[in-house]
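For reference, the structure is listed below as structure tokens.
The values are calculated or read from the model by the stated rules, or taken from the named source; none is laboratory data. Remember, it's a predicted structure, so these values are computed and weren't measured experimentally. When we count neighbours, we look across all protein chains shown, and the Cβ atoms used for this are built from the backbone with ideal geometry, even at glycine. The protein model used for the area step is the full one, side chains on, heavy atoms only, and it has no ligands, DNA or RNA in it. Shrake-Rupley method; radii C 1.70, N 1.55, O 1.52, S 1.80 Å.
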Amino acid sequence: MLERLSTNVTLDQIFDDLYNLISEANRIPLTDKIIVEESDLSAILDDLKEAIPKEVKNAGKVLEDSKNILNSAREEAAATVEKANAEAEHIITAAKEEAERLVRQEEIVRQAEMLAKDIKTSAQRYEDEIKQGADQYADQVKTDSLQYADDMLGYLGNSLQSALRAIEENRSSVNDERKSLADVIASRVKHVVPQEEEPAEPVAAEEKPADE
């Protein structure tokens, strides 16, 4: 879980770089498009591709560690039972030898067998408790790992949605500017007054000579 904090910082930095790249990109006039350097975008995508597998690798490492812990607990429980059985057998053997030395006193043998049985029962109970605790711990680790993976995927999805919303906002701003420019152009055309033609001069009528 310690890797989660450093990885989140890395992802935050990657998305900050993506937002900066979008906000600082040059816009194509009269369009809803922006110009982004291919090398800058490729570098950000490469960082993102490198960061995501780290999360998957960390989750796999947690699961592997839980398996190792479970195996170690089972081995410890098995070793404890084996040691208890060996001690029980030793007690029984010693008790039988002592009973035979004391002309096989049945009471001594019976008590020794009861003691050995109690030791075996306690050892078995201890083994069961160890296994139960190890299984519960492994289940909790798996649950936490899956929750952690789900949180990271949700975080990644929200970040991508934020980036898409930023792009849509930039497109809306460009469209607003384009509409404003179109309105200005239309207003200028409307105020242009066409030049009126000058009226033609009247042609004087030709006077007839007076009758002599």
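Condition first: surrounded by fewer than 12 Cβ atoms within 10 Å (Cβ to Cβ), closer than 17 Å to Asn85 by Cα and among the hydrophobic types (A, V, I, L, M, F, W, C). Now tell me which residues in segment 110-164 satisfy that. Once the filter is applied, which keeps residues that are surrounded by fewer than 12 Cβ atoms within 10 Å (Cβ to Cβ), closer than 17 Å to Asn85 by Cα and among the hydrophobic types (A, V, I, L, M, F, W, C), segment 110-164 yields only Met114.
Scoring Arg171 on the criteria (1) assigned to a helix (DSSP H, G or I); (2) at pLDDT below 85; (3) surrounded by fewer than 12 Cβ atoms within 10 Å (Cβ to Cβ) leaves a single failure, condition (3).
Among what's in segment 21-70 and is of a type in the set (S, T, N, Q) and assigned to a helix (DSSP H, G or I), pick the residue that is nearest to Ala166 (Cα to Cα). If you could, list the steps in order and put the result at the bottom.
Looking only at segment 21-70, we keep the residues that are of a type in the set (S, T, N, Q), and these are 23, 26, 31, 39, 42, 58, 66, 68.
Now restrict to residues that are assigned to a helix (DSSP H, G or I): 23, 39, 42, 58, 66, 68.
Numbers: Ser23: 8, Ser39: 21, Ser42: 19, Asn58: 31, Ser66: 41, Asn68: 46 Å.
Checking each candidate, the answer is Ser23.
One residue stands out in segment 47-74 among those that are at pLDDT 85 or above and loosely packed, with under 15 Cβ neighbours inside 10 Å: the one that is farthest from Ala112 (Cα to Cα), namely Asn68. Per the conditions (1) of a type in the set (Val, Ile, Thr); (2) touching a strand residue (DSSP E or B) at 6+ places or on another chain (Cβ under 7 Å); (3) open to solvent by 60 Å² or more (accessible area, probe 1.4 Å), the sole criterion not satisfied by Val184 is (2).
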